[in-house]
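The structure appears below as structure tokens.
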Amino acid sequence: MNKLGVPAAAAYPQPSESAAARLLNLVHLTGSVSRAEATAQLALPRSTASEAVGELVELGLIAQGPPARQAGASRGRPSPQLYPDPAGPVVVAARLDSSEAELAVVGLGGAVGHRRRIPLTAKGKVPKRTFSALAGWMREAVAESGRPCAGAAVGLAGMVRATDGLVHSALHLDWKSVPAQEILAAELPEIPRVEVGKDALFAALAEHHRGAGRGARILLMLTCEHVGIGGAVLQQGIPFTGAGNAVEAGHIVVDPTGVPCSCGMRGCLEVSADGRALGDPAEVSDLLRRAAAGEPSAVARIGAAAANLGRALASLTNLFDPDRVVVSGLLGEYLRIAPDRIHAELTASVVARTQSPTVVAGSVASPVLIGAAERAFERLLAYPRLLAEAV
Ligand SMILES: [Zn+2]
């Protein structure tokens, strides 16, 4: 683990702490950094830094450019700027929901390109067909980029086992027990790492690396597009996954007498605070608009859902003691419109009364896609020689 909180990927051929890996992480997260700054920030001896730069340049991962002009940087020799090699490797990331697949090719440093949205037909939602088509689109997007591919990751809403990408259930897609990662990996044998994961986990990684979760020690992420609420917890960037299915935050019970949930319980967070709790899906955006404008009946409905969110946050805070909570999608709207209702419930947590987490809205656009890309890069970042030794 380095001080930027980049997770060490387990079981890779070399530990992520190599100087080259740490430097590559820094260039990836900053997009551009001077050699002197990098050497100081990573506390590397000059000769080690120089070797690491040489290795990464030779591997085609980073490039060196002329020093950036900086006010006040007049002392000493100017230091060259390090940035991702524009011809270097990419990853391909995707997000699947009930109506479409969205995918993009992402380079080191986080530059997003070759982005597309492809509608899914009902027939196309059969898992094998979905992944076969998705693999084709992914391969095409990578070929268009003309760059080597270091990994692929696909995020979807549902209960997805972190250990092997088995989709236990995905309401949107009507899938049950689908070995999604195994299917996709078989379709993309040329890509060194292929992963299918839970959307909330990828969103958490995106916020941790590039958004509202930056610098958090324990980050709790809750996401909601319309149906279902996903959760994830990162401890210094490392996901807490239990045996694979931990942090099913959508199924925290907030009202034991509430409406039945697909999981078999009653009054789970997701049925009490996702779009279904607000009524007709077609009217949700109108309702949010009216509530933001202060119309009392709309404020009351959003407030009730926000209070349910706060109740779940109280339980989750008791369990995980996060210092930061990031809420995104519809839940971000609740925070914007009815923060008091959320905070009032949160203070019921004995842990929050000791030290309350900061609750903020997500700040990364397309967090699932961006987080999937971060995940797909993990192996290369931990082991910069990955592609060189694969050939
Ligand atoms: Zn439930």
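On the given criteria, is Ile370 buried (at least 23 other Cβ atoms within 10 Å of the Cβ), of a type in the set (A, V, I, L, M) and free of Cβ contacts under 8 Å to residues at least 60 places away in the same chain? Judged against the criteria, Ile370 is not a match.
Scanning region 206-227 for residues that are within 15 Å of the ligand (Cβ to nearest atom) and over 21 Å from Val351 (Cβ atoms) yields Cys224, Val227.
From the list Thr121, Thr130, Thr163, the one residue that fits, being at pLDDT below 95 and in contact with a Gly (Cβ under 9 Å, 6 or more places away or on another chain), is Thr130. Residues that are within 16 Å of the ligand (Cβ to nearest atom), in a loop (DSSP other than H, G, I, E, B) and closer than 23 Å to Leu201 by Cβ do not occur anywhere in region 295-310. When the residues of region 228-255 are filtered to those that are part of a loop (DSSP other than H, G, I, E, B) and within 12 Å of the ligand (Cβ to nearest atom), the one that is farthest from Gly362 (Cα to Cα) is Asp255. For Gln235, the conditions (1) assigned by TED's automatic domain parsing to the domain that holds Arg276; (2) in contact (Cβ under 8 Å) with a residue 60 or more places away in the chain; (3) not small (Gly, Ala, Ser) all hold with the exception of (2).
Residues of region 99-108 being touching a helix residue (DSSP H, G or I) at 6+ places or on another chain (Cβ under 8 Å) and at pLDDT below 95, which ones? Result: Ala101, single match. From the list Pro179, Pro148, which residue is modelled with pLDDT of 95 or more, in contact with a Pro (Cβ under 8 Å, 6 or more places away or on another chain) and buried (at least 16 other Cβ atoms within 10 Å of the Cβ)? It is Pro148. Scan region 126-180 for residues that are farther than 23 Å from Leu205 by Cα and either assigned by TED's automatic domain parsing to the domain that holds Pro239 or of a type in the set (Asp, Glu) (or both) and jot them down. The answer is Glu140, Glu144, Asp174. On the basis of being of a type in the set (A, V, I, L, M), part of a loop (DSSP other than H, G, I, E, B) and either crowded, with 24+ Cβ neighbours inside 10 Å or more than 12 Å from the ligand (Cβ to nearest atom) (or both), does Ile191 make the cut? The answer is yes for Ile191. Count of region 320-332 residues, restricted to those that are in a helix (DSSP H, G or I) and under 24 Å from Pro260 (Cβ atoms), is 2. Give region 258-294 a look and list any residue that's within 14 Å of the ligand (Cβ to nearest atom) and either over 18 Å from Leu330 (Cα atoms) or part of a loop (DSSP other than H, G, I, E, B) (or both), or say none. Correct list: Gly258, Val259, Pro260, Cys261, Ser262, Cys263, Gly264, Met265, Arg266, Gly267, Asp274.
The values are calculated or read from the model by the stated rules, or taken from the named source; none is laboratory data. Just so you know, these numbers come straight off a predicted model, no measurement behind them. Glycine gets a Cβ as well: all are built from the backbone with ideal geometry, and neighbour counts include every protein chain shown.
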